[in-house]
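Here the structure comes first, spelled out in structure tokens, and everything after it is commentary.
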Amino acid sequence: MKLILLRHGQSAWNKENVFTGWVDIPLSEQGIRESVEAGKVIAEQPIDLVFTSTLVRAHMTTALALLQHKSGRVPVFQHPGQSWSSMHGQTDKTVPVFMSDALNERMYGELQGLNKAETAKKYGDKQVHMWRRSFDVAPPGGESLSMTAERTLPYFQNTILPHVRQGKHVLISAHGNSLRSIVMHLEKLSPQEVVALEIATGQPIVYTCENGHDFVRCP
């Protein structure tokens, strides 16, 4: 089985060095290119289903990447309880995409919409670095990485992982911090080790899993 993690391509606010969090900002032009290139990297990897956040930058990345897939299957975003989205054909030519805010980026609270460099000038480099990179210190009104993991990991373990254990090949298209918490779990990283972990935009991370429990990152 394969598990693929993909951080969305550069967003318009990534480009402007602005705290984004849960603000629903689309990809930049570079982010669009990164998503297409990411799709080419995984174009021959088997993908049975996709899990993504509720944010548009992850949705754009998902769609752009999967449209490069050699299978020719089209991503279909699922809207539970909405009869208008039901399909009565083409199911063998589509890939279901499930959305959850459990996979959303870390919520940055009162920092959302602020320029990172200007915020560092106001509060000091050390304080802003602690808000951004520590494991358990949250920005004002926002989430720490630890708090993000508290919502991301139960969803991963209870909703996503069972599909992998059933032999499905799964893509998770999400965000830097929600994916950091998943990598921390898969690779058994300590809170100190995960602080140094960086996940680049638009660069897939592929794991193999033979027994449903132990994941090995592919080179």
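The values are calculated or read from the model by the stated rules, or taken from the named source; none is laboratory data. Quantities reported herein were computed from a predicted structural model and do not represent experimental measurements. Here Cβ is always computed from backbone atoms with ideal geometry, including for glycine, and neighbour counts include all displayed protein chains.
Taking the criterion of being in a helix (DSSP H, G or I) and either in contact with a Lys or Arg (Cβ under 9 Å, 6 or more places away or on another chain) or closer than 29 Å to MET107 by Cα (or both), the residues of the range 36-56 that qualify are VAL36, GLU37, ALA38, GLY39, VAL56.
Of all residue pairs spaced 6 or more apart or on separate chains, those with beta-carbon atoms under 7 Å, a first member in the range 98-127 that is on the phi > 0 side of the Ramachandran plot and a second member that is at pLDDT 95 or above are GLY109/PRO139; GLY109/PRO140; GLY109/GLY141; GLY109/GLY142; GLY113/VAL18; GLY113/PHE19; GLY113/VAL23. Of VAL41, VAL23, which residue is β-branched (Val, Ile, Thr), farther than 19 Å from LEU171 by Cα and out of contact with any strand residue (DSSP E or B) (no Cβ under 7 Å at 6 or more places or on another chain)? Selected residue: VAL23, the only one of VAL41, VAL23 that is β-branched (Val, Ile, Thr), farther than 19 Å from LEU171 by Cα and out of contact with any strand residue (DSSP E or B) (no Cβ under 7 Å at 6 or more places or on another chain). Total residues in the range 10-35 satisfying the condition of being part of a loop (DSSP other than H, G, I, E, B), without any contact (Cβ under 8 Å) to a residue 60 or more places away in the chain and more than 15 Å from SER53 (Cα to Cα): the figure is 1. Considering ASP24, ASP48, the condition of being among the acidic types (Asp, Glu) and either closer than 21 Å to CYS218 by Cα or touching a His at 6+ places or on another chain (Cβ under 6 Å) (or both) is satisfied by ASP48 alone. Checked against (1) outside any helix (DSSP H, G or I); (2) polar (S, T, N, Q); (3) crowded, with 17+ Cβ neighbours inside 10 Å, THR62 passes all but a single condition, namely (1).
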